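Engineer: So that we are looking at the same thing, I have put the structure below in structure tokens.
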Amino acid sequence: MFDTIIIGGGASGLASAVMLKKISADLKVAVVEQFDRVGKKISVTGNGRCNISNTNIKKSNYHSNDLNKAFEILKDFDLQKTAEFFSSIGVELAFEGNKAYPRSFQASSVVDALRFAATNLKVDIIAGTTVQKVTKSNNSFILKTNNNTLTAKTVIVATGGLAGGSKLGSNGDGYKFLKSFGHKIIEEKPVIVQVKTENTLTKILKGIKVNAKVSVINSNKTLATDSGEVLFCDYGLSGPPILQLSRFAKKGTEISLDIFSDIEFNNLVDLIMKRKQIFSSLPLTEFFAGLIHKKLGQAILKDADISLNNNADALTKTDCINIAATLKNFRFKVLGNTGFVNAQATSGGADLNDFDDNLMSKKTAGLFATGEVLDVDGDCGGYNLQWAWSSAYRVANAVSCYIQE
């Protein structure tokens with residue numbers, strides 16, 4: 001019998017195993033992983049660079065039905081403690097702006113460090129094994145797998161959510177296990193994901209990038225804004241600000257791009273009027289030369305109902321106002337998103353209200369959960385991995401105390 005079995009060899013699962021063995025070296029700890037190797041999902045985070053954390057961890061960067069509980073856990077194991085933990089297993093941090101990365105800027109080095117630490121601390125890694133059912137009899141948990149049956153005094157559910165899809169092992173099994181013990185699962189939705197829009201224009205502009213202030217609009221009310229590089233795709237829109245705002249971009253909303261957010265509207269009208277004089281003898285197909293991408297400029301003119309067949313000198317003052325208005329408010333109707341398979345995080349999950357402050361189940365003593373399977377998700381920028389490390393630390397300490405008691 002194991003003292004603890006951790007279901008899932010991802011970020012929070014591996015971290016909780018290593019942390020638990022550092023706290024109580026004599027405990028018999030196992031990590032059960034469905035793939036042949038642990039850490040598959042970590043290896044693709046941050047475009048393969050692994051954005052471990054962020055220097056600016058605020059409550060507003062997180063989303064949960066019980067945000068106070070989540071943030072207390074995040075404060076307890078902050079960036080400094082995260083850096084100390086990774087340094088203790090051989091990973092030093094480097095920073096790009098507010099984002100923390102392994103100094104190697106390779107996600108694989110984080111996976112290796114966690115794996116090596118787990119092995120050195122004598123954690124049993126049971127790979128290529130899928131947990132099919134979890135039950136409790138008397139004071140023991142019984143885990144039926146595709147290979148055998150395992151027993152433990154405590155169980156940590158660290159299966160992740162649905163982000164990344166089954167190719168990364170995100171199949172929702174953790175929700176199934178927790179539901180079987182009476183836990184409420186808040187509806188799961190993909191977040192930090194590309195947005196599908198009406199794509200007549202985006203298909204034409206596929207591959208073009210533009211810096212813009214991005215707003216999600218619902219019935220002319222602004223729900224959220226962000227700024228950065230937007231990528232036009234055949235299905236809609238992508239890029240950092242789109243991913244960041246995707247939780248608000250639901251079907252029926254609109255995305256507005258302000259391509260000249262640094263220029264006031266009236267000044268932009270003046271700039272358009274000035275360009276009319278400079279390019280008076282040129283066709284409007286060339287009107288935005290030297291200002292924005294040629295194809296994007298043509299799309300802006302079409303959206304402003306300006307014929308491309310004329311020369312620039314045909315523009316009226318009203319035309320210039322309409323062009324400026326479109327540049328400041330280039331709108332796209334949202335149809336949805338590209339789904340869990342492309343999402344970087346899962347919104348929703350196991351309700352925190354069903355867990356105590358140490359993330360032990362209020363329904364079943366000895367049952368813990370950590371990481372993305374819980375109803376906590378962060379913005380893009382290392383916030384979700386910080387939750388993985390922080391929740392793992394809280395659970396590791398709680399499991400050690402629970403077993404000793």
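Engineer: Run down the lysines and flag those whose C-alpha is under 17 Å from the C-alpha of residue 189, throwing out any fewer than 8 positions away in its chain.
Structural biologist: 176, 250, 251
Engineer: Taking other Cβ within 10 Å of each residue's Cβ, how do 183, 63 sort, fewest first?
Structural biologist: The fewest-first ordering by Cβ neighbours comes to 63, 183.
Engineer: Next question, about the same structure. What is the chain's relative contact order, in percent, from Cα pairs under 8 angstrom and six or more apart in sequence?
Structural biologist: 24 percent
Engineer: Taking each pair of different alpha-carbon atoms in the chain once, compute 1/r for the pair, average those values, and report the inverse of that mean as the Kirkwood hydrodynamic radius in Å to one decimal.
Structural biologist: That comes to 23.0 Å for the chain.
Engineer: Here is a follow-up. If we sort 383-392, 34-43, 161-170, 87-96 on the protection proxy, mean other Cβ atoms within 10 Å, highest first, what's the order?
Structural biologist: Order by mean packing, descending: 383-392, 161-170, 34-43, 87-96.
Engineer: I'd like the distance separating the alpha-carbon centroids of the range 61-89 and the range 330-405, in whole Å.
Structural biologist: Cα centres, the range 61-89 to the range 330-405: 11 Å.
Engineer: Tell me the net charge near residue 356. Cut-off is 11 Å between Cβ atoms, residue 356 excluded, with +1 for each Lys or Arg and -1 for each Asp or Glu.
Structural biologist: Summing Lys and Arg as +1 and Asp and Glu as -1 gives +2.
Engineer: Also, quick follow-up: Placing one identical point scatterer on every Cα of the range 284-399 and ignoring solvent, what is log10 I(q)/I(0) from the Debye formula at q = 0.16, 0.20 Å⁻¹?
Structural biologist: Reported log10 I(q)/I(0), two decimals: -0.79, -1.02.
Engineer: Helix 107-120 versus the longest principal axis of the chain: what is the Cα-based angle in degrees, 0 to 90, to the nearest 10?
Structural biologist: 10 degrees
Engineer: Cut-off 13 Å, label point 7 angstrom out along Cα-to-Cβ of residue 405: give me the residues of the range 341-376 whose amide nitrogen falls inside.
Structural biologist: Counting backbone N atoms under 13 Å from the label point, the list is 356-362, 365-367.
Engineer: Would you mind computing, in nm to one decimal, how far apart the modelled labels at residue 80 and residue 130 are, each placed 7 Å from Cα along Cα→Cβ?
Structural biologist: 4.5 nm
Engineer: In the range 195-337, if every C-alpha pair distance is counted and binned at 5 Å from zero, what percent goes to each bin?
Structural biologist: 2, 11, 20, 23, 18, 14, 8, 4, 1, 0
Engineer: Write down Rg/Rh for the range 119-230, rounded to two decimals, with Rg from the C-alpha atoms and Rh from the Kirkwood relation over Cα pairs.
Structural biologist: My calculation puts Rg/Rh at 1.17.
Engineer: Rounded to the nearest 10 degrees, what's the angle between the helix 294-303 long axis and the longest principal axis of the chain, both from Cα atoms, 0 to 90?
Structural biologist: 80 degrees
Engineer: Which of 184, 221, 363 moves the most in a Gaussian network model of the chain with Cα springs under 10 Å?
Structural biologist: Evaluated over the chain, the most mobile residue of the options is 221.
Engineer: Helix 67-76 against the longest principal axis of the chain: what's the angle in degrees, Cα atoms only, rounded to the nearest 10?
Structural biologist: The helix 67-76 is inclined about 70 degrees to the chain.
Engineer: Further question: Based on other C-beta atoms within 10 Å, arrange 360, 1 from fewest to most.
Structural biologist: With the fewest neighbours first, 360, 1 line up as 1, 360.
Quick note: the coordinates plus some simple rules give every number you see, no bench work behind them. Keep in mind the model is a prediction, meaning the values are calculated, not measured. Using ideal geometry, Cβ is built from the backbone for each residue, glycine included, and neighbour counts are taken over all protein chains shown.
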